[in-house]
Each structure stands twice: as C-alpha cells, then as structure tokens.
1. Using the crude model of +1 on Lys and Arg Cβ and -1 on Asp and Glu Cβ, and no other charge, please compute the dipole size for the chain relative to its Cα centre, in debye to 20.
2. Mind checking the full-extension length gain between S439 and R166? Use 0.36 nm per residue of separation minus the Cα-Cα distance, one decimal, nm.
3. Quick query: amide H of Y192 versus all other amide H atoms, modeled in the peptide plane; which residues come in under 5 Å with a sequence gap of 5 or more or a different chain?
4. Could you give the semi-axes, largest first, of the ellipsoid that matches the range 264-382, computed as the square roots of 5 times the alpha carbon gyration tensor eigenvalues and rounded to whole Å?
5. Can you check what the net charge comes to around W287, using other residues whose Cβ is under 11 Å from the Cβ of W287 (Lys, Arg +1; Asp, Glu -1)?
6. Cut-off is 10 Å between beta-carbons; in what order do V194, V152, V140 appear when sorted fewest neighbours first?
7. Work out the charge dipole of the chain with +1 on the Cβ of Lys and Arg and -1 on the Cβ of Asp and Glu about the Cα centre, then indicate which of P161, W457, Q399 is farthest towards its positive end.
8. How high is the FRET efficiency from H366 to Q395, r the C-beta distance, R0 30 Å, rounded to 0.05?
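Laboratory data are not the source of any read-out in this text; all were calculated from the coordinates shown. Owing to the predicted nature of the structure, the values given are computational and were not obtained by experimental measurement. Neighbour counts are summed over all protein chains in view; Cβ atoms, including those assigned to glycine, are modelled from backbone coordinates with ideal geometry.
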Amino acid sequence: MRNSTCRISRLGLFIAAVLSLGLLAPSASRAGFEEAQSAYDKGQYDAAFNAFREMAELGQPIAQFNLAVMYAKGQGTRENRVYAFAWAQLAAENGYAKAQPLADSIRDQLTPLSLKIAQEIHDEYSHAALDERLLPRVLVTGDDEGHARCKVREIRMASYPDEPLRRGIQGSLMAQVTVLPDGRARNVRIIYAVPKGQFEETARWSLMRSWFYPGEDAGKPVACTYTTFYRFIIDNASNDEYSDLNRFAAKIRAEAENGNVSSEMLYGMLLEGMPQFQAKSNEAMPWFVRAAQAGAPFAQFKLGLNLLTGRSCHCDVNKAVTWLQKAAAADETNAQVTLAGYLLRGTPGSDDVKRAIVWLERAAAHGSRDGKLYLAALLAAAPFPDVRDPTRALQLLDQVFVRSGDDPAQYEIRAAAKAHLGNFTGAVRDQSTAISCASNLKWDLTPLKERQMRYQWRQSWDGMLLTF
C-alpha cells in the first residue's frame, strides 16, 4: 500500500512508532532467559534450574551451559557430571565458547559407560535432532507455496489512512482470515500491527471486501486460512531520512547478537515489520528462533504461526503446535486464539470444542478481543448443549461489539444467543442486520437466511457460527 505525494517531516514521530514495538517486550522476556538468570543470581536455584532446562531442551546455548554448570555444582538438582558434560558439549557445539573448557575438564573424569550415557543425552538434543522435531526449515525466498491453499483473486485496497499519512508514519501488520467456499473473507484477525492503532481498520476493510480462490477438496471448494502481510509505505521516503532509525536498529542488533532476548525479538520484528529495511521475508526467522529458544512467548507464537501457515519456512503442523502450546501456556493470547482455531477446524467434536474453550477463556481473561468474540460464538450456539451459555455470550459480545461495524459475525452471534434465550424478535432483528451487512460484502447469504427462517419460526439454531 503506497502513496506518492506525502512528505516526511517529523522523524521523531516515526521513531516513536518504532518504539511502540516495545509493547511486545514484556512478553518477550517473561518466563524466559532474563527471569531465569535473575532467579539464579538470587540463589533461587530450583526455579532457575527448571527454567534453564526448558530453554536448553529448545537449543538455547547459554541456557545449556548454565544447566551444565548447575549439574556440575549440584545447584537446584543433584550433582551429575554425566549430565553436566552432555549439556556443556551441546552448548559448545551451538557456539558458546565458555562451554568447551568445562566439557574438557569433565571428560577425563567419566568412565566409558558414563560417556555413552552422555552421548545418548547429547543425541536427543543435538542440532540435528531439534531440526527434525522442532526447528523450522527456513526457505531462501518466499513462502511455502505447497501449503498456500487460499490464493488472492482480487484485492480491494483502501487508500492510505489520513492520519498516518499526514504525520508521515509508515508501518506494517500481519493479518489472518478464514476464506469460505464463496471466496470471501471471515474472521479477520490482526496478529500484530506496527505501530499499533494506525493501520488495523484499513486492513480489515480491505480484507473483508477482497475476493479469494478458496481451497479445494475432491474438486469442491472448501474453507481455508489465508495469512497476509501489509506494508504501508510512503513512496518518496528514503532510508536517508531515517538515520535515527538506522542507529536504533544497529543498537538493537548489537544487543541481540550479545544474547539479549528482548532485542532478538525486537530486531526480528524490525526486519519483518519495517519497510524501510527492505529485508527479505526469511531474514527475520533466525532472530525469532533465537528468541523462541530463550523462552520469549511472542517469538514462540510467531514461530508456531509461521510453521502453521508456511510463511518463510516449510509448513510443519507438529512443530507448529509444539511452539504454539509453549507460547499459549505462557499466556500469549495470540497463541491461545490460534490453538483454539486449530482445534475448531473442520467439524470439531465435543472434546475439541471444550479444549478450544479453555484456550479462549484464558485469552479472554487477558483482554483479547478475538478471544472474547470467538468464545462468544461458541457459547451462543455450540452444537453441544453442555458448553452453551447464551447469557454469557451476550455479555462477552457486548465488550467487543463495534457499534458502527459492518462485520456480520457480531450480529449473527447476538441473534443466535437471543434465540436460545427465547427472544426471537430480537434474534430476527439482529439476523436481518447480519444479512444486510453480508449482502454488502457479497457473501453467500444461504446459511444466514436459513438461520433467519428458524428464528422467524421461533426456533433456535445450533452449530458453528464461525468457520476456521
């Protein structure tokens, strides 16, 4: 998305936009390397040992070295020189220079049997083993075309937003939508936006009005997921105008190369999110990997999402779910919503719906708009009576309802919940609004009209209001 007439005149505003990435920093270090190191420095060895072990098993070399030291000293665990040697050797192979002297000092103390056991531990967490079960296979250019089932047919582009244009702000965002067999987008999710609050509504407007080729199964169109990346660029802005940004990026990169986890995540976001750097899509991946290995939940989510969608790497669902679960367990709401969507794909069973609700409840509790909306949809009309709660669905929906919005989903959720509560007049009214909005977006109106007919007959409707 470009504009050729605007002049950049206030660099301070742009630097502020870059610094808004700092909104990601709290989750970048939470339960990660910095917290583990702090626990160790305070003598809280049990907590430090558990945290370092988790990161070591993900391939983080400093955590592997620290774990070796703790095994050698019996801190937070029993002294075990076999394990100390194995983890020191892994850290050395992963490039941490201090680890090799430690491994060498322990090696001569071990028997042949102990060395064999250490080799087995080493082999389980070697780089080759992690490549096989955990790490992405990064593509040289582009995305995994074999996994890109949805394809663009016609993109409806909005004009550059007035306020960012006036202030000379550039940026980017990542969005994800579900494309139904009619080729139209549903469930627009903004994964992240840099800076926040500038371009989100423009992207939603564009995606809701665009047209796609859906997926195919046995020659028939089926729903699929489409992930896209918007870059908002002002044509006559050059890198020369962003010397402060370049200095900032150099500082962040130096910190990242020295192992600062927040800076690893931030530098990856700068490469992927800031159009001024003109970076290839795969250049950010190694930084996301490093931050994810160091326990950064957002980086773990980003890695999982890329593996799930085939962005900049080969698609691998098993690896994706592993990273998403780690991030979700650390209350990264994007990961929780993504996992819920994964569980709800196709025709989910009762257990899948209940597991999805658990993740959505956690996301909603942490303020996620998508978490609240998707949870409301399930509670309003889920096909399993024991999980329905239309009263709570309306309460959740009221928290995220956009009064001036044109997304039919919010009206459909409200209509279904009202019907289950016996308010069929209200259900008919909301469903009529949903149909009007859907008509403007050129959706297939058949399922919406079928629900409308049931409400007119004073019957409720059960099923999945949102498709994943």
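1. About 1300 debye.
2. Working: separation 273, 0.36 × 273 = 98.28 nm, distance 3.37 nm.
Residue separation times 0.36 nm, minus the Cα-Cα distance, leaves 94.9 nm.
3. Those qualifying (amide H under 5 Å, at least 5 residues apart or on another chain) are M174.
4. 28, 14, 13
5. With Lys, Arg at +1 and Asp, Glu at -1, the net is -1.
6. V140, V152, V194
7. Final value for the positive-end residue is W457.
8. Efficiency computed from Cβ-Cβ geometry: 0.95.
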